[in-house]
C-alpha cells in the first residue's frame, strides 16, 4: 500500500502547504509576522529558506515534487561532480547551523524545527557519504530517469503543452544519466542488479508508451517532433543501460546489501529519533509477532471453529466487489468511515473536502494495490488528493481476476481505507497543511507517518468500528491482524538483514512462515528489505504511538479523550515521535542528536 508516496525523510513533500503561494518560489514560514519573532527565530527561518531554495536548485525533480515549478525543465544532481558539490553544501550547512542560530534561545516549537533540520542534514550526509546508493544500486539511475519525467505527467499543475516542453528539456540529459550510471556503479549486490534489469523494462515502457500517450493531445507539431527525437535518444540510452546491466554489471555484482549495525543505528537516530539498541528492538519485534500470531489464531477460531486459520482468512477473500463496483463501493465506504470518526469523536476532520477515489493510473498499476496521491507542500493548482485502487487488467483470466480482487474483500478494503484515508494518511495530510512551520511541512519521520496509518487500523476497531464484537467485527479484526503480521515481519527482517546476517532466502522463508504470505509476495517483501533497511517504521511507529497514548492517558487523567490525543498528536505535522512527545507534554527539549 501507499506506493505512490515516497518512503524517506522527504516524505513530507507529499503534504500541501498551509499558506497560499503567489509565485513559484517557496514562501517563508507562515502564521507569525516577522515583527512578533525574536532575532533568533528570524535567523532560523532565514536559514531554513536558504537551505530549501538551494536544494530545489540542486535537485529540480525534488522541486517539482514539492510543487515548486521554477526548475521543471532542468535535470541535475546525478553526476559525480554535482553529488560532491551537494555533499559539501550539506556539510557546510550543518556546520553553519549552530553558528547562525542559537538553539537555546528558541521556543519549543522552533527547537523542534532546529532538531528536525539538523538530523535531516545528518541523514542526508550519511546516505551520500557512507551508504552511497549511487555506487551500489543500479536502480538509482532508473529512478532519476523515470521520476524526472513522471512528475510532469502525474499532476495537472500547468497546461499540458507547457509540461511537455519541460519534459523534452529534461529528456535531453537522460542519456547522460545512464552514462554516469555505467561509469559510477562498482559492486552492487547481485539481487539489486537483477531487480534493476526488471525495473528497466518499466522505465522503457514509460518512455515508449506512457509519455507519448500522455502528450498525444498536444497539437504543436514542432514540439511533437522534438519529443520524438529526444524519445529516440532516451530509448537508445535505456537499451544500452539494459545491455550494460545484463552483460557487464551482473557478472561482477558480488556486493553485500547489508549496511551494518553502526550505520543502521545512525539512520534510526537521525531519521526516527530512536536510540534503542538493536537487540532490544529485535526482542520486542519477535515477542509482538508471536503475540499477534496467537491473536490471529484465536480470532480465526471464533469465526470458524476447528478450521485452519489461514483457510478462514482466505475464505474471507471471496467476499469482494466486482471490478466495476470497486470505485463506487470504496467511495461509499469512505463516507461511512468518515462519519464514524465524527460521530464517535475519534479525531477532528479539518476539512469538508473529500479524498477522490479513482482507479490507479495505468502506468502505475504494477506498483500499487491502494495508495494516496497527495500534492506537494507548495502546489497551488493541482491540489486534489486521490485515493487510488487498482482494477484487474482486461487481459487477465477469471482466476487472475479473482485472486486480484480477493485483496479488496469487504473487510480488508475497510482496513486499507482506514490506513490510507480516514483517519490515516489523508486526515494526517489535512492537519499537516495547517502547520505554520516549513520544516514540519517539508520534513518528517516515517515512523510517525506510516506508524500513524498502521496505528489507526487497530485503533478504529478498538473504538468500535465494525460493531465492536460479533462475526463482522471478528472478520475485520482478522484482516487487520494479517496486515499487522506483514508489518511486524518487515520489522524483524529489516533489522536482521542489515545487522544480523540474515540472507535473502532466510527473509523469504520468514515472511512465508511467520506472516503467512505466499511465496511470490514473500519474495517481493524480502527484495524490498534488502534496499529499504528501515522499513521497520510501520510497526516501530505504531508501537511508539501506542506508548505515547498511554502516557497521555496517565498524565491527563479524566481529561484524556481519544479526540484530544489524536488532534494534538497530528497538529505538529509528523516529526520524529520522541520530538512529538516533548512537544505534547511541554518538556524541555534536549539538543539535537550528535
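Just to be sure before I move on: is residue 74 surrounded by 14 or more Cβ atoms within 10 Å (Cβ to Cβ) and assigned to a helix (DSSP H, G or I) in the structure I sent?
no
Please go through the stretch 181-206 and pick out each residue that is buried (at least 18 other Cβ atoms within 10 Å of the Cβ) and free of Cβ contacts under 8 Å to residues at least 40 places away in the same chain.
204
Of everything in the stretch 418-441, what is over 16 Å from the mean Cα position of the chain (by Cα) and part of a helix (DSSP H, G or I)? Give them in sequence order. Give the derivation first.
From the stretch 418-441, those over 16 Å from the mean Cα position of the chain (by Cα) are 418, 422-423, 430-431, 433-439; that's our starting set.
Passing the criteria: 418, 430, 431, 438, 439.
Looking for something buried (at least 16 other Cβ atoms within 10 Å of the Cβ), within 28 Å of the chain's Cα centre (by Cα), touching a residue at least 40 places away in the same chain (Cβ under 8 Å) and not in a loop (DSSP other than H, G, I, E, B) - is there at least one such residue anywhere in the stretch 308-322?
yes
Would you confirm whether or not the stretch 492-507 contains a residue that is closer than 21 Å to residue 404 by Cα and buried (at least 23 other Cβ atoms within 10 Å of the Cβ)? Walk me through how you get there before you give the answer.
To start, the set of residues in the stretch 492-507 that are closer than 21 Å to residue 404 by Cα comprises none.
Taking every residue of the stretch 492-507 in turn, none turns out to be closer than 21 Å to residue 404 by Cα and buried (at least 23 other Cβ atoms within 10 Å of the Cβ).
Tell me, which residue of the stretch 231-247 that is touching a residue at least 60 places away in the same chain (Cβ under 8 Å) and surrounded by fewer than 17 Cβ atoms within 10 Å (Cβ to Cβ) is farthest from residue 135 (Cα to Cα)?
Result: 233.
When you scan the stretch 246-261, do you find a residue that is under 30 Å from the mean Cα position of the chain (by Cα), closer than 21 Å to residue 148 by Cβ and part of a helix (DSSP H, G or I), even just one?
no
Of everything in the stretch 543-574, what is in a helix (DSSP H, G or I), over 27 Å from residue 287 (Cβ atoms) and either in contact with a helix residue (DSSP H, G or I) (Cβ under 7 Å, 6 or more places away or on another chain) or without any contact (Cβ under 8 Å) to a residue 60 or more places away in the chain (or both)? Give them in sequence order.
556, 557, 558, 559, 564, 568, 570
Restricting attention to the stretch 371-405, and to residues there that are touching a helix residue (DSSP H, G or I) at 6+ places or on another chain (Cβ under 8 Å) and assigned to a helix (DSSP H, G or I), which single residue is surrounded by the fewest Cβ atoms within 10 Å (Cβ to Cβ)?
401
Would you pick out the residues in the stretch 85-97 that are over 13 Å from residue 119 (Cα atoms) and touching a helix residue (DSSP H, G or I) at 6+ places or on another chain (Cβ under 9 Å)?
Answer for the stretch 85-97, where residues must be over 13 Å from residue 119 (Cα atoms) and touching a helix residue (DSSP H, G or I) at 6+ places or on another chain (Cβ under 9 Å): 85, 86, 87, 89, 96.
For residue 524, all conditions in the list (1) under 24 Å from residue 281 (Cβ atoms); (2) touching a residue at least 24 places away in the same chain (Cβ under 8 Å); (3) surrounded by fewer than 17 Cβ atoms within 10 Å (Cβ to Cβ) hold save one; what is the number of the exception?
Result: residue 524 fails condition (2) only.
If you check residue 156 against the conditions, is it touching a residue at least 40 places away in the same chain (Cβ under 8 Å), closer than 29 Å to residue 386 by Cβ, surrounded by fewer than 20 Cβ atoms within 10 Å (Cβ to Cβ) and under 23 Å from the mean Cα position of the chain (by Cα)?
When the stated conditions are applied, residue 156 passes them.
For the stretch 207-230, give me each residue that is within 18 Å of residue 158 (Cβ to Cβ), surrounded by fewer than 15 Cβ atoms within 10 Å (Cβ to Cβ) and modelled with pLDDT under 95.
Answer for the stretch 207-230, where residues must be within 18 Å of residue 158 (Cβ to Cβ), surrounded by fewer than 15 Cβ atoms within 10 Å (Cβ to Cβ) and modelled with pLDDT under 95: there is none.
Return the residue satisfying two criteria in turn: it lies in the stretch 460-471 and is part of a helix (DSSP H, G or I) and free of Cβ contacts under 8 Å to residues at least 40 places away in the same chain, and of such residues it is nearest to residue 417 (Cα to Cα). Let's see the steps before the verdict.
Step one: list which residues in the stretch 460-471 are part of a helix (DSSP H, G or I), which gives 460-462, 465-467, 471.
Restricting the remaining residues to those that are free of Cβ contacts under 8 Å to residues at least 40 places away in the same chain gives 461-462, 467.
Numbers: 461: 13, 462: 16, 467: 17 Å.
Among residues in the stretch 460-471 that are part of a helix (DSSP H, G or I) and free of Cβ contacts under 8 Å to residues at least 40 places away in the same chain, the one nearest to residue 417 (Cα to Cα) is 461.
If residue 539 passes every condition in (1) within 15 Å of the chain's Cα centre (by Cα); (2) surrounded by fewer than 23 Cβ atoms within 10 Å (Cβ to Cβ); (3) within 19 Å of residue 293 (Cα to Cα) but one, which one does it miss?
(2)
Within the set of pairs 6+ apart or on separate chains, which have a first residue in the stretch 104-118 that is outside any helix (DSSP H, G or I), a second that is surrounded by fewer than 24 Cβ atoms within 10 Å (Cβ to Cβ) and modelled with pLDDT of 95 or more, and C-beta atoms under 6 Å apart?
Matching pairs, first to second residue: 106/40.
If I filter the stretch 213-221 for residues that are farther than 23 Å from residue 531 by Cα, within 28 Å of the chain's Cα centre (by Cα), without any contact (Cβ under 8 Å) to a residue 40 or more places away in the chain and assigned to a helix (DSSP H, G or I), do I get at least one hit?
yes
The values are calculated or read from the model by the stated rules, or taken from the named source; none is laboratory data. This is a predicted model, so every value here is computed, not measured. Heads up, the Cβs are rebuilt from the backbone with ideal geometry, glycines too, and the neighbour counts pull from every protein chain shown.
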